[in-house]
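Chemist: Quick one: the structure is below, questions incoming.
The values are calculated or read from the model by the stated rules, or taken from the named source; none is laboratory data. What you see is a predicted model; the values in this text were computed from it and never measured. Please note: Cβ atoms are built from the backbone with ideal geometry, for glycine as well, and neighbour counts cover all protein chains shown. Side chains included, ligands, DNA and RNA excluded: accessible areas come from the protein's heavy atoms. Shrake-Rupley method; radii C 1.70, N 1.55, O 1.52, S 1.80 Å.
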Amino acid sequence: MIDDFEAALSLERFTRYVEWAEGDRARALELYALNMQLSEALYTPLQVLEVVLRNRIHAVLGNALHECWFDDDGFLLVDNQRRQLVKAREDLTDDRKNPTPGRIVSALTFSFWTSMLSPSYEILWQQILHDIARREDGKGLRRKDLSRPLRQIRTLRNRVAHHEPILQWHLIKHYANIMQLTRWLSPAAADWCERYSRFPEVHPAERITLAEPPKTH
């Protein structure tokens, strides 16, 4: 069975797990299964954070400006954001859907929304965007308080989406960051996520120990 299952996986993909298991192929399959289970468990908190982030940014900018703020000349300061906006419109047209503001917002990628917290938008943060989140005590946040953890969370999200290994990541720390950012953006969403998230029960009590030193993330 092990041979048949290995044959179904790419050699490059499975070799990492064999190395982590110090050549024990049965243990390597256990690690592979754990990686899949953790990826599945992270889907809910990652999805909630992504949805809440985009909706908070859209709500705050929509209230301060108008619902099509992303169409204003010169508003989008990152080249990739402009390309993503064009693609979102094209995808909606291809699907024969009316490109309403709500549909466009939903079609834009996570990287579009994390880019709204990049240094390019520091002035916008000071003027408007700071209203998207608050600490539990009601105090304001710096742009970097969100952008720094979001950079790594976005990479983690992409690895989960592409079925890549994540066992070498400090997942307990990143899960805590996901929940913290979600709570700053929407306490109600964080409460809901904590209720339904399976990550705490799926992840081992301690950080996962692998044969090779984990990469720094």
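Chemist: Say whether the condition of being more than 30 Å from ARG83 (Cα to Cα) and either part of a helix (DSSP H, G or I) or not hydrophobic (A, V, I, L, M, F, W, C) (or both) is met by at least one residue in the range 41-61.
Modeler: The answer is yes; a qualifying residue exists.
Chemist: Here's something else I'd like to know. Go through the range 169-187 and report how many residues are outside any helix (DSSP H, G or I) and surrounded by fewer than 18 Cβ atoms within 10 Å (Cβ to Cβ).
Modeler: Within the range 169-187, residues that are outside any helix (DSSP H, G or I) and surrounded by fewer than 18 Cβ atoms within 10 Å (Cβ to Cβ) number 1.
Residue-by-condition table, conditions (1) open to solvent by 50 Å² or more (accessible area, probe 1.4 Å); (2) modelled with pLDDT under 90; (3) more than 20 Å from GLU206 (Cβ to Cβ):
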residue	(1), (2), (3)
ALA7	yes, yes, yes
ARG16	yes, yes, yes
ALA21	no, no, no
LEU29	no, no, yes
LEU38	no, no, no
ALA41	no, no, no
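Chemist: Considering only the range 91-110, state which residues are surrounded by fewer than 15 Cβ atoms within 10 Å (Cβ to Cβ) and not in a loop (DSSP other than H, G, I, E, B).
Modeler: Within the range 91-110, ASP91, THR93, ASP94, GLY102, SER106 qualify.
Chemist: Of everything in the range 80-90, what is surrounded by 13 or more Cβ atoms within 10 Å (Cβ to Cβ) and over 22 Å from the mean Cα position of the chain (by Cα)? Give them in sequence order.
Modeler: Within the range 80-90, just ARG89 meets the criteria.
Chemist: Return yes when LYS144 is surrounded by fewer than 16 Cβ atoms within 10 Å (Cβ to Cβ), under 17 Å from the mean Cα position of the chain (by Cα), within 21 Å of LEU185 (Cβ to Cβ) and not small (Gly, Ala, Ser) and no when it is not.
Modeler: It is true that LYS144 is surrounded by fewer than 16 Cβ atoms within 10 Å (Cβ to Cβ), under 17 Å from the mean Cα position of the chain (by Cα), within 21 Å of LEU185 (Cβ to Cβ) and not small (Gly, Ala, Ser).
Chemist: Take the range 159-168 and flag every residue that is of a type in the set (S, T, N, Q) and surrounded by fewer than 13 Cβ atoms within 10 Å (Cβ to Cβ).
Modeler: Residues satisfying the conditions do not exist here.
Chemist: Check PHE199 against each of (1) touching a Lys or Arg at 6+ places or on another chain (Cβ under 9 Å); (2) under 17 Å from LEU46 (Cβ atoms) and name the one condition it does not meet.
Modeler: Of everything listed in (1) touching a Lys or Arg at 6+ places or on another chain (Cβ under 9 Å); (2) under 17 Å from LEU46 (Cβ atoms), PHE199 misses just condition (1).
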